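One structure is given below, encoded as structure tokens.
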Amino acid sequence: MASVAQQVVFHPTVSQTLKLWSTTVGRDKTYRAVQYFARLLAWLLLSRGQKIEAARWNAIKNHLALGRKLMRLGKPWEHLQNAMRAAQRIDLPATETITTMGRQVAYFGYLTNDMFVWANNIKFYNLKPSTAARVNKHANRFWLAGILLSITFGLLKAGRLANEAKQLQSSVWSEKGAEVERETKLRANLAARAETRFQFIVDLLDVWIPATNLGLVTLNDGIVGMFGFVSSLMTLRQQWLAVNGKK
């Protein structure tokens, strides 16, 4: 019995999961996955008339959303630093630099407004209902702008990487060392394109969340919950691979 318990407690998957949850990103993405799954499940239960069960999952969704806001309190400055770093880069085309800076500034605006939303929700700083609604709307506008700029950046980068790959494949390399260099560059290009496609898909799923919050589209909580859940699982898996040295 002790041997079985030891095998369960020290199973590699358990150890890898604990390693994932030891990171802030790992915990946040796990909470986000549960949050949007709860949103989806609450909608399904409510559509079947199971109001009491739906209320339970709605409570989980709301509490996780509030907890995640607390975890992001210092994150606006991280995005501001990223914007300044992007401005100093000289190895990227101007269009990619501009969209990167714009995306980071937009996320700074989103998370800064989100801090006031959190402070109002926990009654630390009381806002008038009209002011709270306006701040929340500003947060969603910045969030939407950040995702749209991320999508634009992804399209620009994907086009540039595709052209670079085409040039590398069509070039004639006579020396053996140069051929090895080309293969190395092609592998790096392929990895960069895969990473860009991954983020592009995540952005296409997430863009509907702030768009729905702003009333620009009319998607129900089930669809929004499903999109958020899938994108959360994708980013959670990426973090799992990064933390456990499988990427």
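Summary of values
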item	result
Extension gain, Gln50 back to Glu195 (0.36 nm per residue minus Cα-Cα distance, nm)	48.1 nm
Value of [θ]222 nm, deg cm²/dmol, for the chain, DSSP H segments ≥ 4, -39500 (n - 2.57) each, nearest 500	-29000 deg cm²/dmol
Prolate/oblate/rounded call for segment 15-106, Cα gyration tensor, a/c under 1.5 rounded	prolate
Whole-angstrom gap from segment 91-157 to segment 44-66, using each part's C-alpha centre	27
Positive minus negative residues near Glu164 (Lys, Arg vs Asp, Glu; Cβ under 10 Å)	+4
Distance in nm between pseudo-label sites at Thr17 and Lys128 (7 Å out along the Cβ direction from Cα)	4.9
Mean Cβ neighbour count within 10 Å, used as a protection proxy, ranking 139-147, 203-211 highest first	139-147, 203-211
Distance (nanometres) between label positions extended 7 Å along Cα→Cβ at Val34 and Glu183	4.7
Total charge dipole magnitude, the chain, about the Cα centre, Cβ charges on Lys, Arg, Asp, Glu only, Debye to nearest 20	640
Efficiency of FRET from Cβ geometry, Gln169 and Asn244, R₀ 30 Å, rounded to 0.05	0.35
Inter-probe distance in nm under a simple model that places probes 7 Å from Cα toward Cβ, at Asn220 and Lys137	2.7
Kirkwood hydrodynamic radius of the chain, from inverse mean 1/r over distinct Cα pairs, in Å	20.8
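FYI, it's all coordinate maths here, none of it is from the lab. Every value quoted in this text rests on a predicted model; they were computed, and no experiment measured them. Methodologically, a virtual Cβ is constructed for each residue, glycine included, from the backbone with ideal geometry; neighbour enumeration extends over all protein chains shown.
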